[in-house]
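One structure below.
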Amino acid sequence: MDLDGENGGTLTQPEPTRRAVVLSSFDLPDADLPLRYGCEDCACAVSESLPRRSSLRSRDWKADSRLVRGREVIEIPLARDWRVLFNPVGRGGAIVVNDLAGRVFSCFERPAAVVEVLAANPDLASEIEQVVGDLVEYGLIHPEGQAPRPEFADSRMLTAWLHVTNACNLRCPYCYLHKTPEGMTESVGRASIDAVMNSAVAHGLAAVKLKYAGGEASLNHQLMLSLHDYATVRAEQHGLALHSTLLSNGVRLSAALIEALKARDIRVMISLDGLGEHHDVQRPFVSGKPSFKHVERTIGLLSAGGHAPHLSITVTNRNYAGLADVIRFALEKDLTFSLNFFRDNDCAAPFADLRYEEQAMISALLEAFAVIEELLPRWSVLGSILDRGQLLEPRQRSCGVGEDYVVIDQRGRIAKCHMEIERTIGDVFVDDPLRAVRRDLTLVQNLPVEEKEGCRDCTWRYWCSGGCAMATFRATGRYDVKSPNCNIYKAIYPPALRLEGLRILKHAVSTGGAGWASL
Ligand code: SF4
Ligand code: SF4
């Protein structure tokens with residue numbers, strides 16, 4: 001049995017066990033680590049604090065309670081004798097069961113009391129209570145008439161995009177920005193931070209996340225560091241937690257800047273769209289020269305400096321043939337990453353060859369998933385591989401636009417989404433940024449998934465949330481319909497859950513965390 005993947009790097013199938021086993025991500029030793037380590041350009045999709053096992057309410061049930069399986073529970077075969085169970089309207093996440101535990105689950109296809117199941121299956125007597133307790137806790141079976149309902153976490157953090165410069169040294173064809181040399185000034189930056197902090201306090205939020213962005217934010221790095229120091233003081237004065245990320249193209253971060261970022265705990269997200277030509281084909285310098293070698297060097301410098309970056313990979317028709325390779329690169333270096341599908345916009349309109357074909361995108365993603373399966377990381381990829389969707393916590397909206405996300409441009413003007421940065425609705429000198437974005441009814445409308453035609457009855461509605469509102473509007477002229485990527489999403493959710501099941505199985509076994517192997 002080679003579940004560590006150390007002998008040849010593959011996950012071989014575990015031996016069957018004679019005990020019923022139920023495993024979840026909570027059984028892994030790293031269960032408390034945040035599952036999303038970095039952040040791409042969009043409003044963050046997943047809250048910083050994901051549900052803990054103790055937060056899953058165990059419903060009351062007694063041996064004579066009638067229990068039944070959740071109507072929407074999905075089953076995905078894993079390795080021999082193992083499968084993943086997932087309730088799309090619950091909060092338990094992907095749950096791995098072996099054959100015996102699966103048999104217990106199957107006993108509740110129709111409402112049944114535990115005593116009845118025991119009478120019919122005396123061989124399950126020694127463990128049925130424990131298994132049923134776990135299945136109830138994870139929302140896979142429930143007392144008859146008390147089906148679990150999705151519970152959505154309240155927003156506790158204001159995410160603010162601080163556009164410290166409108167300049168960039170690259171000319172990526174999919175970029176939505178009309179670049180100019182104009183940078184933010186110290187006074188505009190400080191006014192922006194004051195407005196963000198005051199807004200967070202006024203709306204009862206506990207934390208602020210600053211995304212230092214552009215253009216290429218590192219071109220104005222002295223201002224960025226100075227603003228960050230100012231934000232640190234202001235956050236402390238307001239009793240707010242502060243998180244920050246530099247969004248960078250990674251072509252030129254000096255060793256001194258990396259030290260400064262690390263010292264301030266500013267996370268770094270680097271855009272890397274492929275290896276060699278698969279990156280260069282869509283991320284050239286202004287001169288047209290390739291940038292990959294520069295980015296690769298920066299990633300090396302960051303890793304060597306103990307400040308490993310998160311990689312943001314934008315997938316277009318130009319680079320998807322190299323997707324599996326760049327994911328292998330990330331995993332072999334133990335770097336987290338996230339995938340973003342190309343989103344059409346006015347600036348990108350002349351580059352028709354960026355638009356991807358549905359089937360080709362699905363094939364490229366499945367090829368990339370095969371690499372993930374081969375090199376299964378300790379961290380969950382469920383927050384990283386599904387574009388704007390995720391399988392970590394149920395949500396009604398795919399991002400925080402209009403709720404807890406503000407974009408502030410280099411002049412202090414407020415926008416709702418960075419892709420709409422040139423359509424502003426006020427400025428930080430007179431407006432409360434959060435109130436401005438929440439009240440707006442004219443720009444991007446981020447509707448709850450239940451209001452999207454085609455999504456209401458979808459299995460994945462609370463995980464996909466109907467996709468990016470901007471992309472849907474661009475493709476359809478409407479906000480209240482399903483994503484143009486719908487077929488791609490539906491194709492990749494089940495294999496993504498399978499990957500999570502394999503991760504749980506691999507790491508629970510290799511660490512002895514859940515100890516099924518010792519049963
Ligand atoms: S966009 Fe498609 S996959 Fe996503 S919630 Fe809507 S119907 Fe489901
Ligand atoms: S609307 Fe779309 S592009 Fe804008 S932050 Fe949300 S997911 Fe990202």
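Side notes on the structure shown:
- Some residue of the range 459-476 being over 19 Å from the mean Cα position of the chain (by Cα), more than 16 Å from ligand 2 (Cβ to nearest atom) and open to solvent by 20 Å² or more (accessible area, probe 1.4 Å): no
- Sole exception among (1) within 16 Å of ligand 1 (Cβ to nearest atom); (2) out of contact with any helix residue (DSSP H, G or I) (no Cβ under 8 Å at 6 or more places or on another chain) for Arg438, by number: (1)
- Restricting attention to the range 439-458, the residues that are crowded, with 21+ Cβ neighbours inside 10 Å and assigned to a helix (DSSP H, G or I) total 1.
Every residue, every condition in (1) open to solvent by 60 Å² or more (accessible area, probe 1.4 Å); (2) at pLDDT below 95, yes or no:
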| residue | (1), (2) |
| --- | --- |
| Val97 | no, no |
| Val117 | no, yes |
| Ala120 | yes, yes |
| Ile128 | no, yes |
| Asp134 | no, yes |
| Gly145 | yes, yes |
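- Residue among Pro173, Pro181 that is in the same structural domain as Asp346 (by TED's automatic domain parsing), assigned to a loop (DSSP other than H, G, I, E, B) and over 30 Å from Pro433 (Cβ atoms): Pro173
- Selection status of Val430, away from ligand 1 (no atom under 16 Å from the Cβ), free of Cβ contacts under 8 Å to residues at least 40 places away in the same chain and in a helix (DSSP H, G or I): no
- From the options Glu403, Glu374, Glu420, Glu393, residue that is within 23 Å of the chain's Cα centre (by Cα), within 16 Å of ligand 1 (Cβ to nearest atom) and among the acidic types (Asp, Glu): Glu393
- Residue in the range 485-501 that is open to solvent by 10 Å² or more (accessible area, probe 1.4 Å) and over 30 Å from Ser380 (Cβ atoms) present: no
- Each residue in the range 99-113 was checked for being open to solvent by less than 20 Å² (accessible area, probe 1.4 Å) and either of a type in the set (Ser, Thr, Tyr) or out of contact with any strand residue (DSSP E or B) (no Cβ under 7 Å at 6 or more places or on another chain) (or both), and 1 pass.
- Residue match in the range 257-267 (condition: crowded, with 16+ Cβ neighbours inside 10 Å and in contact with a Pro (Cβ under 7 Å, 6 or more places away or on another chain)): no
- Scanning the range 377-390 for residues that are touching a strand residue (DSSP E or B) at 6+ places or on another chain (Cβ under 6 Å) and more than 15 Å from ligand 1 (Cβ to nearest atom) gives a single hit, Ser384.
- When residues of the range 125-159 are limited to those that are in contact with a Ser or Thr (Cβ under 9 Å, 6 or more places away or on another chain) and hydrophobic (A, V, I, L, M, F, W, C), the one nearest to Leu100 (Cα to Cα): Val136
- Test: Gln390 is modelled with pLDDT of 95 or more, out of contact with any Phe, Trp or Tyr (no Cβ under 6 Å at 6 or more places or on another chain) and surrounded by 19 or more Cβ atoms within 10 Å (Cβ to Cβ): no
- Hits in the range 337-369 (condition: in contact with a Pro (Cβ under 8 Å, 6 or more places away or on another chain), open to solvent by less than 30 Å² (accessible area, probe 1.4 Å) and under 23 Å from Tyr493 (Cβ atoms)): Phe369
- Qualifying residue in the range 398-410 (condition: touching a residue at least 12 places away in the same chain (Cβ under 8 Å), in a loop (DSSP other than H, G, I, E, B) and away from ligand 2 (no atom under 14 Å from the Cβ)): yes
- Residues in the range 197-211 that are of a type outside the set (Gly, Ala, Ser) and open to solvent by 10 Å² or more (accessible area, probe 1.4 Å) were compared, and the one that is nearest to the chain's Cα centre (by Cα) is Leu205.
- Scoring Tyr479 on the criteria (1) within 10 Å of ligand 1 (Cβ to nearest atom); (2) of a type in the set (Phe, Trp, Tyr); (3) in contact with a Leu (Cβ under 9 Å, 6 or more places away or on another chain) leaves a single failure, condition (1).
- When the range 254-293 is filtered for residues that are farther than 19 Å from Arg328 by Cα and part of a helix (DSSP H, G or I), the ones remaining, listed by number, are Ala255, Ala256, Leu257, Ile258, Glu259, Ala260, Leu261, Lys262, Ala263.
- Scope the range 164-187; condition surrounded by fewer than 24 Cβ atoms within 10 Å (Cβ to Cβ), farther than 22 Å from Ala255 by Cα and more than 26 Å from the chain's Cα centre (by Cα); matching residues: Asn166, Arg171, His178, Lys179, Thr180, Pro181, Glu182, Gly183, Thr185, Glu186, Ser187
The values are calculated or read from the model by the stated rules, or taken from the named source; none is laboratory data. Since we're looking at a predicted model, the values are computed, not measured. Cβ coordinates were reconstructed from backbone atoms using ideal geometry, including for glycine residues, and neighbour counts include every protein chain displayed. Areas reflect the complete protein model, heavy atoms only, side chains present, ligands, DNA and RNA absent. Shrake-Rupley method; radii C 1.70, N 1.55, O 1.52, S 1.80 Å.
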